[in-house]
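One structure is given here, and the rest of the page talks about it.
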Amino acid sequence: MGFSRNDHLFDSKEFHERFYTAVPLGVFLSEEGTVFRLWAPTAQSVTLRLYLRGDHCTVSEQFQMSLWKKGVWEYKTDRLLRGVYYDYMLIVDGESFCSADPYCRACGLNGERSMIPDPSETDPEGWGADTSPAKPDCDIIYELHVKDFSWDPNGGFFDRDRGRFSALKQEGTTLNHSGLYPTGLDYLKRLGITHVQILPMYDYGSVNEAEPEKGYNWGYDPVNYNVPEGSYSSDPYNGAVRIRELKEMILQLHRAGLRVIMDVVYNHTYDLESPLFKTAPWYFYRQNEDGSPSNGSGCGNDIASERSMCSRYILDSVLYWAEEYHIDGFRFDLMGLLDQELMEQIRRELDARYGMGEKLVYGEPWSAGPTAHRPGTILCHKGNLKQIHEGIGAFCDDTRDLVKGSVMDVDSVGFVNGNPIPAELLGKCLTAWTGEDGVFRNAGQSICYLSCHDDWTLWDKLVYTMDPKKDFCGSEAVILQANRLAAAIHFCCQGRLFLHAGEEFGRTKGGVKNSYCSSAEINQIDWTRAWKHEGLVDYYRGLIALRKQLPWTKDLSEQGKQRLLWVENETPFCALACVNNEGADSLWDNLLLIFNCGQTLVETKLPEGKWQILVDGESSFLWKEEHSISGSCSVPPKTAQVLGAKRRDLS
Ligand code: CA
C-alpha cells in the first residue's frame, strides 16, 4: 500500500458536507427482513458476502450493494439472516479490500468475519432486569485483566473457567479449593472496592483465539470495537457465545455490588489492516507530511478522532457498550490523542441518557509522542484538562511519582522510599492538584493512583529501590512497611481512588516493567501470595472502609481544596496535615494526617484536645476501637498515623 496524503481531502469542509451522515450503520433485523449498511465514501463497488461459518468455508452467497447516499452502501432483503456470518469486498481506487464490518456487533474466530447475532442467544437469563449498583459517593476503582484474574491454577477456579469471562462470575472460590481463603469475586467483595476497571475486553488482535492458552496480551490492539474478545470465551468460533458470556460476567459483577468500567482504546488500531482502514482507506487515520501514518500512540497509527465520521464512530461505540452491555464507565487509553470536542460530546450524551455523572469518563492525559492532528484540534492532554469539561477525569501522574518515584527511572525514589516529604508537595497530593496552579478543575477529575498495569508494580518498584537483594518474590518487612505507608498516603488524598489489582497484596511481576506480552504466569494474580500477604490486604481493606466514611476524601468539589487547614513539616522526612472532615454523619470533624517517611521515630506535639487513632503503621482498623491520645504522639519510622477528633473534643 503506497502512502499518499489525504488529509486535505478528509479534513475539508466539502468532504464533511458531502459524506457526513447520522443514518444508522451496521446490520438491522426487523419483521421486514435484514438491512446492511456500510459507510464507504471512496469505494467504487461493494459486495456483501455471506458465510455459514465465521472461519474457513467458502462464500455461500454474495450480493452487490448499491450506493444509497452520503457514501452509504446498502443491501436489503426480506430474509431474516440471524446467526449468519458476513464480510465486504470493496474496490477502492482500483485496489480490492476484504473487510469485516466496522459496525458489526458479533464476529467469528479472530474477528475476520462479522456476524449477525440472534438476540435470543446472546442475552443471559435475568439480563433484562440487570441494573447497576447505586452510584457510590466514594469511588474505589480496581484495575484487572480478565486472564490475569483467574489463570493461577491455585485460584480455586474450575479449569474450564481459567482465563475467561466466566471465572469472574464464580462465587465461592477459595485458594486451592481449601475453603480457607476467598479468591475471585468473593475476594473482591470482601475488599470493599466499588468498581472494577477491566483491561481491554473488546476484540483485539494479538492473541490467536484458536489457541488462547498459547498467547497472552493486555489487549491494547483493537480489531472489532463493538465485539467482545473471543479468547476470553468458551467458544470463539460461535459469535453469540462471547457476547452471552461477557453479559453473564457483568450481570454477576453488578449483583456483587460492583460497577464495571471498560478500558477503551480508540486512539489506534491493531494495524492498518483494520475494518476502519479497509472500508474507507486513510479516512480514520492521521497522516504525517510524507503520507506515512502518524504514530503518537507508539503503536504504528493514530485514529483521526477529530473527523466527523470518526468521532461519530467512537461516540456510537461508547453508547453501544453503555446501552447493550450496561457498562458503567469508560477509561480512555491515551486520551491525550483524542480531541476535546469528541470527549465532551461523549460526556454530554452519556449524561443525557443516564443522568449527570452516572457513567464515569476518564483517561490517560498523555500520548506516546506527537500526533498529526488537524490544525486547531484541542487534545485531551494534561495541559488542557482545566479547560475541558469537569466530568472528564484523568490519571494523576504527579501523586503517583511523588509517592514512590518516577515510572521513567527505576532508581528514582519518592516519599516512601528515600525522598523527603515537603509539606507543600504533600499538600498538592492531598488536594488532588486542584486550584489555580493545579492540573485539575476539581478532585472529581483526578484519578488518584500509585500503580497500574503499565510500569513496575508498586511492590517491584519498592524492591528495586529498597532491597539490595532484589528479592521480588520475598516478603521483606521493610518493603511491606513502605507499601503500607504508600497506601496510607494514597488513601488520604482527595480524588477518585484507583488500585492496580494485587497492589494490596504486594503483587510482583518479578521486576518486569512492561509485561504487555509477557507470559500469563508473569502477569497472573498469584492467589497464594494474596493469602500470604493477608495482613497487607487487611490494611487496604481497613483503608477502603475508612475512606468511605470520610467527607474529606469524598469532597470532589472545587471548594474541597479548602478543607486542607494546614500542612507542615516536623522534619524534612515527616509531614503533618490537618484537614476539615465535617459532613453529615461524620465521626470526626478534623483529621490529623502524619506521614513519617524517615528512618527515625518522630515525636510530634498534637493540637490541643483528644484525638482518636484511626490508622497507624500496623493497622488501619483502629478507628473501630475507642483509642484516644492527647498531648503528643510518637510515630515510628516509615509509618503513617491518621488521627481524628470531634469538634467538642478539641479545645
Ligand atoms: Ca480477538
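The values are calculated or read from the model by the stated rules, or taken from the named source; none is laboratory data. Since the structure is predicted, the reported quantities are computational estimates derived from the model, not experimental observations. Quick reminder, even Gly has a Cβ in these numbers, built from the backbone with ideal geometry, and neighbours come from all protein chains shown. Protein only, heavy atoms only, side chains kept; ligands, DNA and RNA dropped before computing areas. Shrake-Rupley method; radii C 1.70, N 1.55, O 1.52, S 1.80 Å.
Computed quantities for the displayed model
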quantity	calculated
Tally, over segment 116-137, of residues that are outside any helix (DSSP H, G or I), in contact (Cβ under 8 Å) with a residue 12 or more places away in the chain and either within 23 Å of Leu199 (Cα to Cα) or charged (D, E, K, R) (or both)	10
Test for Tyr283: is it surrounded by fewer than 21 Cβ atoms within 10 Å (Cβ to Cβ), of a type in the set (Ser, Thr, Tyr) and touching a Lys or Arg at 6+ places or on another chain (Cβ under 8 Å)	no
Whichever residue in segment 138-170 is of a type in the set (Phe, Trp, Tyr) and in contact (Cβ under 8 Å) with a residue 60 or more places away in the chain and, among such residues, is surrounded by the most Cβ atoms within 10 Å (Cβ to Cβ)	Phe149
Selection from segment 82-111 of residues that are part of a loop (DSSP other than H, G, I, E, B) and surrounded by 18 or more Cβ atoms within 10 Å (Cβ to Cβ)	Val84, Ala100, Asp101, Pro102, Tyr103, Cys104, Arg105, Ala106, Gly108
Of all residues in segment 177-204 being in contact (Cβ under 8 Å) with a residue 40 or more places away in the chain and farther than 22 Å from Cys452 by Cα, the one that is farthest from the ligand (Cβ to nearest atom)	Leu180
Criterion: farther than 29 Å from Glu358 by Cβ and either within 16 Å of the ligand (Cβ to nearest atom) or out of contact with any Asp or Glu (no Cβ under 6 Å at 6 or more places or on another chain) (or both) - qualifying residue of Tyr216, Tyr220	Tyr216
Qualifying positions in segment 160-180 - hydroxyl-bearing (Ser, Thr, Tyr) and in contact with a Ser or Thr (Cβ under 9 Å, 6 or more places away or on another chain)	Ser166, Thr173, Thr174
Checklist (1) without any contact (Cβ under 8 Å) to a residue 40 or more places away in the chain; (2) away from the ligand (no atom under 13 Å from the Cβ); (3) out of contact with any Ser or Thr (no Cβ under 8 Å at 6 or more places or on another chain); (4) of a type in the set (Asp, Glu) applied to Glu211, failing item	(2)
All positions within segment 461-487 that are surrounded by fewer than 24 Cβ atoms within 10 Å (Cβ to Cβ) and within 23 Å of Gly444 (Cβ to Cβ)	none
Out of Leu350, Leu276, Leu272, Leu338, sole residue that is within 20 Å of the chain's Cα centre (by Cα) and more than 23 Å from Tyr142 (Cα to Cα)	Leu338
Scan of segment 52-106 for residues that are farther than 19 Å from Val23 by Cβ, over 36 Å from the mean Cα position of the chain (by Cα) and hydroxyl-bearing (Ser, Thr, Tyr), ordered by number	Thr58, Ser60, Ser96
Residue list for segment 267-288, filter: assigned to a loop (DSSP other than H, G, I, E, B) and of a type in the set (D, E, K, R)	Asp271, Glu273, Arg286
Pairs, first acidic (Asp, Glu) in segment 77-99, second open to solvent by less than 10 Å² (accessible area, probe 1.4 Å), C-beta under 6 Å, six or more apart	Asp78/Gly33; Asp87/Ala100
Selection status of Gly438, assigned to a loop (DSSP other than H, G, I, E, B), at positive phi, modelled with pLDDT of 95 or more and not hydrophobic (A, V, I, L, M, F, W, C)	no
Segment 10-44, subset open to solvent by less than 70 Å² (accessible area, probe 1.4 Å) and in a helix (DSSP H, G or I), residue nearest to Met309 (Cα to Cα)	Phe19
Test: residue in segment 318-337 that is in contact (Cβ under 8 Å) with a residue 40 or more places away in the chain, β-branched (Val, Ile, Thr) and closer than 25 Å to Lys135 by Cα	yes
Qualifying residue in segment 57-71 (condition: in contact (Cβ under 8 Å) with a residue 40 or more places away in the chain and in contact with a Leu (Cβ under 7 Å, 6 or more places away or on another chain))	no
Count of residues meeting criterion [more than 19 Å from Ser274 (Cα to Cα), touching a strand residue (DSSP E or B) at 6+ places or on another chain (Cβ under 8 Å) and charged (D, E, K, R)] in segment 225-247	2
Boolean, Gly291 is outside any helix (DSSP H, G or I), in contact (Cβ under 8 Å) with a residue 24 or more places away in the chain, at positive phi and under 20 Å from the mean Cα position of the chain (by Cα)	no
Matching residues in segment 432-441 - criterion: being buried (at least 24 other Cβ atoms within 10 Å of the Cβ) and touching a residue at least 60 places away in the same chain (Cβ under 8 Å)	Ala432, Thr434
Checking His56 against (1) exposed (fewer than 15 other Cβ atoms within 10 Å of the Cβ); (2) within 16 Å of the ligand (Cβ to nearest atom), the condition it does not meet	(2)
Restricting segment 171-223 to residues that are among the charged types (D, E, K, R) and open to solvent by less than 10 Å² (accessible area, probe 1.4 Å), the residue that is nearest to Tyr362 (Cα to Cα)	Asp203
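Let's see how each residue does on (1) within 16 Å of the ligand (Cβ to nearest atom); (2) under 13 Å from Ser166 (Cα atoms):
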position	(1), (2)
Tyr237	yes, no
Arg242	yes, yes
Glu248	no, yes
Leu251	no, yes
Asp263	yes, no
Tyr270	yes, no
Ser274	yes, no
Pro281	no, no
